[in-house]
Amino acid sequence: MLNSNVNAKVKHLQGQIVVFIKNHVLNFGAVKKILFLVSFLIGVTAANAQFEKARDSVVQLFGVIMTADSLEAIPAVSVTVKGTKRGTITNNEGVFSIAVLKGDVIEFSHVSFLPGSVHVPDTLKGSQYSIVKTLVQDTAFLPVAIIRPRPTPEQFARDFVNVPIAEDELEILRKANTPEARRAYLAKLPQDGREMTNRQLNNVFQRARYQGQIPPMNIFSPAAWAEFINAWKRGDFKRK
């Protein structure tokens, strides 16, 4: 329908050009109008050809994914067009459908099967293409584990009691949650907004409180000396 409309418009423009040439003297302005109409006609023809080419290259791909050994349908297979972000997955019967272009490479992947691919022919005739793709099951080999029983119940009880058990996350956290570790962590932890606001308000209060006089010095405060001695005993001044 679209192609017929474009062809009708092109024929109409051709008729207008012929009528214009017959009814007007070819001066400079007339030549400009004719050149504009001719260039527009060429552009419409080229766009129509590109549209027809793009429309003919689109293919609706239908397919079924099956196992290579038993020919059973494989659900939830990822179907993607290589080099693009377009894709789909197979349904419970292993069937899928996706719009592709001629010459595209379609890739198939599944967690339990080896990946595969299919190339859509460039010389395909028509707008539909059907395939049946088989995938080979992927086998993962684990290292060998040999389990042997203890010779006697006494030996089993001895090994069961004395065997070292790796510490879990709770035990590691319990050992790291000491007063020294908490103080070191708090020393490196930056203050939040509330603490910074309280500190700033306290500084403003202290300046207003001792305005016009010399503020007291903590060097003569017994409480400050007691706090200094306790910090010295705790090792707060040691290099970390």
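What follows is calculated from the coordinates using simple rules that are stated; it is not laboratory data. Note that the coordinates shown come from a computational prediction; the quantities given were computed from them, not determined experimentally. Every residue, glycine as well, gets a Cβ built from its backbone with ideal geometry; the counts of neighbours run over all protein chains shown.
Annotations
- Its Cα gyration tensor gives the stretch 171-234 an equivalent ellipsoid; the semi-axes, largest first and in whole Å, are 32, 20, 6.
- The GluC sites (Glu not before Pro) of the stretch 142-204 meeting both criteria, a DSSP state outside H, G, I, E and B (loop) and at most 11 other C-beta atoms within 10 angstrom of the site's C-beta, are Glu167.
- Amide H contacts of Thr134 (H built 1.01 Å from N, in plane; Pro and chain starts excluded): Met66 sit under 5 Å, all sequence-distant by 5 or more or on other chains.
- Per-residue Karplus couplings for the stretch 132-139, computed as 6.51 cos²θ - 1.76 cosθ + 1.60 with θ equal to phi - 60°, are listed in order as 10, 10, 10, 10, 8, 5, 8, 10 Hz, Gly and Pro entered as x.
- Under 5 Å, built H, 5+ apart or other chain: amide partners of Ala99: Leu61
- In this Cβ point-charge picture (+1 for Lys and Arg, -1 for Asp and Glu), the stretch 171-234 has a dipole of about 80 debye about its Cα centre.
- Restriction of the trypsin sites (Lys or Arg not before Pro) in the stretch 123-185 to DSSP coil positions whose beta-carbon has at most 15 other beta-carbons within 10 angstrom yields Lys125.
- Dipole of the stretch 156-234 computed with +1 at Lys/Arg Cβ and -1 at Asp/Glu Cβ about the Cα centre; of Gln213, Asn198, Ala184, farthest Cα towards the positive end is Gln213.
- Shown in residue order for the stretch 184-190 are the 3J(HN,Hα) couplings computed by the Karplus curve 6.51 cos²θ - 1.76 cosθ + 1.60 at θ = phi - 60°: 5, 5, 5, 5, 8, 7, x Hz (x for Gly and Pro).
- Dipole check for the stretch 46-205: with +1 at the C-beta of Lys and Arg, -1 at the C-beta of Asp and Glu, and the Cα centre as origin, the magnitude is about 560 Debye.
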